[in-house]
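Engineer: Have a look at the structure that comes next, please.
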Amino acid sequence: MPRAEPLRLVFMGTSAFAVPPLQALADWAATRRHALVAVYTQPPRPAGRGQALRASAVHEAAGALGLEVRAPASLKDEATQSAFRALASDLVIVASYGLILRPPILEAPRLGCFNIHASILPRWRGAAPIPRAIEAGDTTTGITIFRMEAGLDTGPMLLRQTLAIRPEDTAGSLHDRLAQLAKLVLPGFVDDLVAGRLSPV
């Protein structure tokens, strides 16, 4: 049987939460001879006492992995959208990116754009799902991966993996455990997605 054509992958993320899944996707692509053709992140921001520009956690991680990094301030303009389409991507994975993906971006990859959200949707849609879960006294949270649409966290869900919230958990410790859970489940998710084994909910 002839081998399937290599996939062209794009990752979009900014914060430290997105670094473990980026590493997982890079490893997955390398072992299967797919191509992680670009990493999108937000541009460097002033940080620290001197307010020097500092690259995002994802920017630094992608650079260490030798990946091409793109850091547009917005995805609204035609030039940025055209450059994205030129990547001819098959699949886009998004995690804690922080920029809105417009329809020209969402519609560009052949298999779609999929977001890793740090809660069991539909609970805690939108920003800050981790502190919201702790503030509400939830005993369980987790990771949801869904296909992105124009609305906020409204697309069909393809994977949900729960995680118990420990009594001693803080927003920081739960953040780190959820990021590692995202890293753990992402390779299997991509395998199942490409093989057509997932049923959207």
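The values are calculated or read from the model by the stated rules, or taken from the named source; none is laboratory data. The structure displayed is predicted, hence computed values, not measured ones. We place every Cβ from the backbone using ideal geometry, glycine too, and count neighbours over all the protein chains shown. With ligands, DNA and RNA removed, areas are computed over all heavy atoms of the protein, side chains included. Shrake-Rupley method; radii C 1.70, N 1.55, O 1.52, S 1.80 Å.
Engineer: For region 82-109, what are the residues that are at positive phi and surrounded by 13 or more Cβ atoms within 10 Å (Cβ to Cβ)?
Structural biologist: Within region 82-109, Ser96, Gly98 qualify.
Engineer: Counting just the residues of region 162-191 that are within 17 Å of the chain's Cα centre (by Cα) and open to solvent by 40 Å² or more (accessible area, probe 1.4 Å), which one comes out farthest from Phe17 (Cα to Cα)?
Structural biologist: So the residue we want is Asp191.
Engineer: Restricting attention to region 110-132, report how many residues are under 20 Å from Ser173 (Cα atoms), crowded, with 19+ Cβ neighbours inside 10 Å and not polar (S, T, N, Q).
Structural biologist: Within region 110-132, residues that are under 20 Å from Ser173 (Cα atoms), crowded, with 19+ Cβ neighbours inside 10 Å and not polar (S, T, N, Q) number 7.
Engineer: Oh, and also: Given the conditions (1) closer than 30 Å to Arg166 by Cβ; (2) open to solvent by 30 Å² or more (accessible area, probe 1.4 Å), report the number of the one that Leu67 does not fulfil.
Structural biologist: Just one mismatch for Leu67, condition (1).
Engineer: It is to be established whether one or more residues within region 37-60 are acidic (Asp, Glu), in contact with a strand residue (DSSP E or B) (Cβ under 6 Å, 6 or more places away or on another chain) and either under 28 Å from Asp191 (Cβ atoms) or surrounded by fewer than 17 Cβ atoms within 10 Å (Cβ to Cβ) (or both).
Structural biologist: no
Table: residues versus (1) within 30 Å of Asp77 (Cα to Cα); (2) out of contact with any Ser or Thr (no Cβ under 6 Å at 6 or more places or on another chain); (3) aromatic (Phe, Trp, Tyr).
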residue	(1), (2), (3)
Ala95	yes, yes, no
Ile116	yes, yes, no
Ile143	no, yes, no
Phe146	yes, yes, yes
Gly151	yes, yes, no
Gly155	yes, yes, no
Thr170	no, yes, no
His175	no, yes, no
Ala195	no, yes, no
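Engineer: Of the conditions (1) modelled with pLDDT under 95; (2) within 30 Å of Gly196 (Cβ to Cβ), Val19 fails just one. Which one is it?
Structural biologist: Single failed check for Val19: (1).
Engineer: Only residues in region 156-167 that are assigned to a strand (DSSP E or B) and of a type in the set (S, T, N, Q) count as the first member; pair them with residues that are crowded, with 18+ Cβ neighbours inside 10 Å and modelled with pLDDT of 95 or more, Cβ under 7 angstrom, at least 6 apart or cross-chain, and list the lot.
Structural biologist: What qualifies is Gln161/Gly142; Gln161/Ile143; Gln161/Leu181; Gln161/Val185; Thr162/Gly142.
Engineer: Sticking with this structure for a sec: Is there a residue being free of Cβ contacts under 8 Å to residues at least 12 places away in the same chain and either in a loop (DSSP other than H, G, I, E, B) or in contact with a His (Cβ under 8 Å, 6 or more places away or on another chain) (or both) anywhere in region 177-196?
Structural biologist: Scanning region 177-196 turns up at least one residue that is free of Cβ contacts under 8 Å to residues at least 12 places away in the same chain and either in a loop (DSSP other than H, G, I, E, B) or in contact with a His (Cβ under 8 Å, 6 or more places away or on another chain) (or both).
Engineer: For region 16-48, what are the residues that are in contact with a His (Cβ under 9 Å, 6 or more places away or on another chain) and within 17 Å of Gly63 (Cα to Cα)?
Structural biologist: Ala16, Phe17, Val39, Thr41, Gln42, Pro43, Pro44
Engineer: Also, quick follow-up: If I filter region 70-81 for residues that are under 15 Å from Val37 (Cβ atoms) and either touching a helix residue (DSSP H, G or I) at 6+ places or on another chain (Cβ under 8 Å) or buried (at least 18 other Cβ atoms within 10 Å of the Cβ) (or both), do I get at least one hit?
Structural biologist: Scanning region 70-81, I find at least one residue that is under 15 Å from Val37 (Cβ atoms) and either touching a helix residue (DSSP H, G or I) at 6+ places or on another chain (Cβ under 8 Å) or buried (at least 18 other Cβ atoms within 10 Å of the Cβ) (or both), so the answer is yes.
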